[in-house]
Amino acid sequence: MYPSTLTQLARVNPFSAPLFSLQKVEEPGQVMAHHGGHHRRLAAAAVCEFGSMKYYALCGFGGILSCGITHTAVVPLDLVKCRLQVNPDKYKSIFNGFSVTVKEDGVRGLAKGWAPTFIGYSMQGLCKFGFYEVFKIFYSDILGEENTYLWRTSLYLAASASAEFFADIALAPMEACKVRIQTQPGYANTLRECAPKMYAEEGMWAFYKGVVPLWMRQIPYTMMKFACFERTVEMLYKYVVPKPRSECSKPEQLVVTFVAGYIGVWKGLVARIIMIGTLTALQWFIYDSVKVYFRLPRPPPPEMPESLKKKLGLTD
């Protein structure tokens, strides 16, 4: 019996549809994979080795879909928000901003900046999620098995900060174009018009002068986003889900991912509005769905190493 609400939600999960059931495989057992001194229990059906270049590449692909799709979906809201910030006298509220924009530019005007948004946040997602996996393993190898467990929250914070540093460098050029298109009427209507014009007027610096504000805004948020997500997943499997993740179906695992993404953002940043919580949860859901679809190796939630248990006198 498994009466959990998470299971009930999983039954209506879209990834239980026939299209995705083709990728579902029963994990016949667990094998021990050795990586940098760490023993990890990985599914025998995994299509690539944990920590391999193929693993990082597919994680990066998951990041592209995760961030590119979600941020492009909210372009109209982002456009109005930006215009409210730069011209509050003209755009007095969210609803007024939508009304004025549609009146002046038509419904298509709400999509201004979609191309740089999709390209920029796809590149950000590639670096954010791909490099996070790289740095998490890299720092874990430096710390060693026991310290990785004891300092795992600090590990998540350091890995996510490192990944976001490079992610914002990748995002900055397209973010600069997007802001020009959305907030300077008449400057340019498309990315093909905007980018050459910016380069001709200001050179390469035009695309990167906003990178420092991006770091100041995005790095703290990403640190909380990843650390809270990781710890929330750990807590859900420990206290809410009454069986190990290896025994959960793929739809059940994805529901846990979505719930953890939503809870994690509110736990770390209470003041974030509902849109951001939902956006973040969807990003984690899409990212983890790619992992499930491609059957990437997925280590179980952290457990105290046996050597540390012996040092603390928890085992004989």
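The values are calculated or read from the model by the stated rules, or taken from the named source; none is laboratory data. The shown structure was predicted, so the numbers you read here are calculated from the model rather than taken from an experiment. With ideal geometry, Cβ positions are generated from the backbone for all residues, glycine too; neighbour counts draw on all protein chains shown. These accessible areas exclude ligands, DNA and RNA; they are computed on the full protein's heavy atoms, side chains included. Shrake-Rupley method; radii C 1.70, N 1.55, O 1.52, S 1.80 Å.
What residue, among those in the stretch 188-215 that are closer than 23 Å to residue 100 by Cβ and open to solvent by less than 30 Å² (accessible area, probe 1.4 Å), is modelled with the highest pLDDT?
The initial filter retains those residues of the stretch 188-215 that are closer than 23 Å to residue 100 by Cβ, namely 188-190, 193-194.
Add one more test, that the residue is open to solvent by less than 30 Å² (accessible area, probe 1.4 Å), and what stays is 188, 194.
On the way: 188: 94, 194: 97.
Once the filter is applied, the top-ranked residue is 194.
For residue 181, state whether it is in contact (Cβ under 8 Å) with a residue 40 or more places away in the chain and within 30 Å of residue 231 (Cα to Cα). Before the answer, list the steps.
Details: in contact (Cβ under 8 Å) with a residue 40 or more places away in the chain: yes; within 30 Å of residue 231 (Cα to Cα): no.
Considered against the rule, which asks whether it is in contact (Cβ under 8 Å) with a residue 40 or more places away in the chain and within 30 Å of residue 231 (Cα to Cα), residue 181 comes out as no.
Would you check if residue 193 is part of a helix (DSSP H, G or I), under 24 Å from the mean Cα position of the chain (by Cα) and not aromatic (Phe, Trp, Tyr)? Reasoning before the result, please.
Details: part of a helix (DSSP H, G or I): yes; under 24 Å from the mean Cα position of the chain (by Cα): no; not aromatic (Phe, Trp, Tyr): yes.
So residue 193 fails the test.
Hey, among 2, 56, 91, which residue is at pLDDT below 90 and either among the β-branched types (Val, Ile, Thr) or at negative phi (or both)? Spell out how you get there, then give the answer.
Values: 56 fails: at pLDDT below 90; 91 fails: at pLDDT below 90.
Of the residues listed, the single one that is at pLDDT below 90 and either among the β-branched types (Val, Ile, Thr) or at negative phi (or both) is 2.
Only residues in the stretch 217-228 that are in a helix (DSSP H, G or I) count as the first member; pair them with residues that are open to solvent by less than 20 Å² (accessible area, probe 1.4 Å) and of a type in the set (A, V, I, L, M), Cβ under 7 angstrom, at least 6 apart or cross-chain, and list the lot.
From the stretch 217-228, the pairs are 225/265; 228/265.
For residue 67, are the conditions met, namely being in a helix (DSSP H, G or I) and under 30 Å from residue 297 (Cβ atoms)?
Numbers: in a helix (DSSP H, G or I): yes; under 30 Å from residue 297 (Cβ atoms): yes.
Yes, satisfied.
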